[in-house]
Every structure is written in structure tokens, then in C-alpha cells.
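The values are calculated or read from the model by the stated rules, or taken from the named source; none is laboratory data. What you see is a predicted model; the values in this text were computed from it and never measured. Heads up, the Cβs are rebuilt from the backbone with ideal geometry, glycines too, and the neighbour counts pull from every protein chain shown. Note: accessible area is taken over every heavy atom of the protein model, side chains too, but ligands, DNA and RNA are not part of it. Shrake-Rupley method; radii C 1.70, N 1.55, O 1.52, S 1.80 Å.
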Amino acid sequence: MGEAGQSRDGESVTPLVGGGNGDNAVAPQVFNSLPALNEAASYITQATSYLGSCFSDYSVEYGGKDTISHPHELLRSTSGVDGNSPVSVCISPGERFSTSSEASTSDANSPSRESTEILPQATNAIVTSNRLNLNGISMFQGLIERARRTVRGSADDIGWLQRAPEMPPVEDGTDRFNKILEDIGHGVHRLPNTVVYLLVPGLFSNHGPLYFVDTKTKFSKMGLACHIAKIHSESSVEKNAREIKEYIEELCWGSNKRVLLLGHSKGGIDAAAALSLYWPELKDKVAGLVLAQSPYGGSPIATDILREGQLGDYVNLRKMMEILISKVIKGDIQALEDLTYERRKEFLKNHPLPRELPTVSFRTEASISPAVLSTLSHVAHAELPLTNQAAKLPVVMPLGAAMAACAQLLQVRYGEKSDGLVTCCDAEVPGSVVVRPKRKLDHAWMVYSSLNEVPLEADAAQVCEALLTLLVQVEQERQQKLATKID
């Protein structure tokens, strides 16, 4: 083999100039030994055609200055009539090749018949090679960009609420919450019966029959009117917002009382959307809102799964999620899309939460210690028919272990603390009173009781009671400030 830039006969070969600026473009070379060139081009064509068939759907187009955006090329070769004068060959799609000698334009200096027969083969091979090179470059550029987007993930989006200058600051209500929770542990309950309590469940709650059931039962024993919103949690945020609005209006009409809402996870997003979209109709019917472990700013889990342009596109990850939600769970993929950072930014820009609405937000951090691997959550009952009565057996799932694994993943990948599904910073609602407990609580603990609860620790129903009691205090303080301004 000769050195680069030399033919087999030792003659020098001028590199071809590709289209565009050509600084970084890969330019093929014309060898005087055309059979060898055609053979090499044939192998390149076969190999690149196979690779292109695998990745052609995922190539990324670039508009930079180093990109060759047109398939035609200006080619220079030493195969003129006398072997010395260069010949320019311009090849364009759908056109015949043309040659022009820089030394002379007379017929005597025109290429011979043999040259004109060989040139089409050479130039066709060159153009094919150029196109294959461009496809290969585009394919690998696309692969690199997808890998970059996959590795970067949601790092630029997490915590955007705290960085947005137009968002109001939060107030820390952790100490007040702890005092209320301590009083509840001693049997002191301050929730008024002059309002109706509406619990809004989160995503996939339709498949958990015990979601919020323990909290509702304990509230009812205290003589409080408490309801669980029967919405299709796997529907879009705006659809659920309409249903929650109708729930509120129905409860107010039937009881002539205002409503306090507590939404968990996506339920908090749905409830907040109802108040943002229909505030003029609901402002006299709602006393306040608690968002417990809600991805108000967005969810990195949902965003990383559904973000386009990632390596997951090669295995149709988004399509698999759509099939899972639409066909198996009978839900709407938009329910998950509404939790992505892009959708949350757009929604909050157009429909911010009313400033005058009393709001409490509750965020927690999941434990990632090995002890949580043995934690089992009670999610349902299984009834076994016996002779006289049906026996109920608890259906348990290792939700604590799953939440710990997700929390560990978010901690390692982004350096962010979370409850397993929602990062702490994304759960803090701007303008709200924020509760940041030191106790390690995962995302599922709020709605599903654990079989190995610590007896001296507050359960989920008591935490919900404390959050709503704090909300009542915030509302009373707001009313006092309004009365002071009027006086």
C-alpha cells in the first residue's frame, strides 16, 4: 500500500473539495486506479447501507457551518487530456456531469472519448461515497447528541422554581407543624367541623383501593365531613381539574360549607390546577390547599422517561410507556406528560396559583438505608370465602424498597434528595408555607400504611391532620391581616 495521497503507480492525487466550507468535511480522494476505487466504494456502500437501515430514523440534522447541506460537490481531478491540466467536474442531482478545462476551451483540449466514458463511473462512485460519508457523520452526530441528552437528563430543570425570579418566596412552617403534630399525639385535635375536607389522590390511585382510606376513616371518627375525590387519576391535569371543580361545587351546595383540599402527588397538581383555572367561580367556596409530596415544579422521573431525543428512543421507551398506561392501566399518557418540566413550566406561566389562596406544601426525603428493604406497605385486601363469612387478608407490596431504589438513583445521578419520585425542591410551592420534616418518609407512606410502623411515631392520618390544622391557622392569619387593613 502506498502512502496517503499517492496512487499505486506513485502519482500524486489532489484531494477533492467537498461542498460547504469544507474545513471539517471528510473529503474522498480520486485514484487513477479506478477499479480499486469502485471496489472500495462498493464495500463502503454495503456497510453503510446496513448501518443506515438500523439508525436512519434517528439521525439528527445540523445547521452548523461545517455541515454539508447539498449533495452536489465540486470535484477536481488530474485526468485531463494531457494528464496535467485539472478538470472541474460538477455533479448535481438530476443533472448530467459537465467538464471544463482551465487551460483551454477548444475542442482540441476537450477530454477524449475514453475519459468521458470513465468519468461517469468515477464521479458516481465519488458522489455515492460522499453521500455515505455525510449520512455516517449525521448518524454518529445524532448518536452523540442523544447520548449527551440522556446523560444530562433533567439536571438543568430540577429546582427551576427556586431560580425563577418571578416566583414568590416560601415560608418555613416546620416548627409550627411539629408543635401541632405533638399536640395531636397527646389527643389535642383542632380541626374545625365548619368546613368539608376533600382528599385528592394521586397517579394510579384507581388501582389502590386503600388510597387515603385510613385517613378518611379517622377523620370521620372525629366527626369531620371528609371525602375522597373519585377522579380518574390517570387522566390529564385539565380533565381532572374540571372534575375537582364540580366536586367542590357539589360539596358546597350540599353542606353550605367551604372546602379544604389536600392533594397527594399528582392529586395536588390536579387540585391546584382546578383553583388556577376556575378561581373566579371557586374563591368563595375554597378555604385553602395542601400539596403533599406533589411535583409542583415537575418530575425528573416522568421527564427522563418521556424526553425525546434520548438513547431510549432506540427501544421505543416512550411507546412502551404509552402502551402500559393506555392499554394496561386504561389511562392517558398525557397524565404522565403533564408532570414533565416542560409542561409544568408552560402551565404555571399561563395559570399561576392565586396569591390570595392559603397554601401549605409538604416535602419529604426517603430513607435509603438497608432497613427499608424489609418494609411492606398494605395496599389492598383479599377476601377469602369461608363457610360463614369472608376472611380478609392484607395484600402487601415492598413499596418502601422501590422508593428507596428510586431515591438512591436520583441522589447519585443528580445529587438531589427526594421521596423516591419527587425531589424536595420541586415539591416546594412558591408562596406557600413549607413543611420540611426531619423524619425519613417516602412517597408511598403518605397514603399506604406500613405493616411495621413505629408505635411512637405519627401515622399518615395524623400527618394529614397536622397539615390541615396548619392550613387552618394560615387561613385565620390571612383573615386577620385583611381585617387589619380594612380597619
*Please list the non-local residues whose amide H lies under 5 Å from the amide H of GLY202, H modeled 1.01 Å from N, same-chain partners needing a gap of 5 or more.*
HIS264, GLY267
*Treat each spin label as a single point 7 Å out from the Cα along the C-beta direction, and report the MET167 to GLU457 distance in nm.*
2.8 nm
*asked:* Cut-off under 21 Å on the C-alpha distance; same-chain residues fewer than 8 positions from LYS257 excluded. Which lysines are left, in chain and number order?
replied: LYS216, LYS218, LYS221, LYS230, LYS245, LYS283, LYS285
*Roughly how many nanometres apart are two label points built 7 Å out from the Cα toward the Cβ at ASP175 and VAL412?*
3.9 nm
*Once amide H atoms are built 1.01 Å from N in the peptide plane, which residues 5 or more positions from GLY288, or in another chain, come under 5 Å H to H?*
LEU261
_Segment ALA483-ASN193, extension gain: residue separation times 0.36 nm, minus the distance between their alpha carbons_ = 102.1 nm
*Kindly rank 226-234, 265-273 from highest to lowest mean number of other beta carbons found within 10 Å of each residue.*
265-273, 226-234
*Which of the lysines could a cross-linker bridge to LYS319, judged by Cα under 23 Å and excluding same-chain residues fewer than eight apart?*
LYS239, LYS266, LYS327, LYS330
_Accessible area per residue, Å², region 177-285 with all protein chains present, probe 1.4 Å_ = 44 Å²
*Take the Cα of TRP253, step 7 Å along the line toward its Cβ, and report every residue of region 278-306 whose backbone nitrogen sits under 20 Å from that point.*
278-287
*Among 281-294, 157-170, 348-361, what's the highest-first ranking by average C-beta atoms within 10 angstrom per residue?*
281-294, 348-361, 157-170
*Under a 5 Å amide H to amide H cut-off, with H placed in plane at 1.01 Å, what residues pair with ARG258 once short-range neighbours are removed?*
VAL196
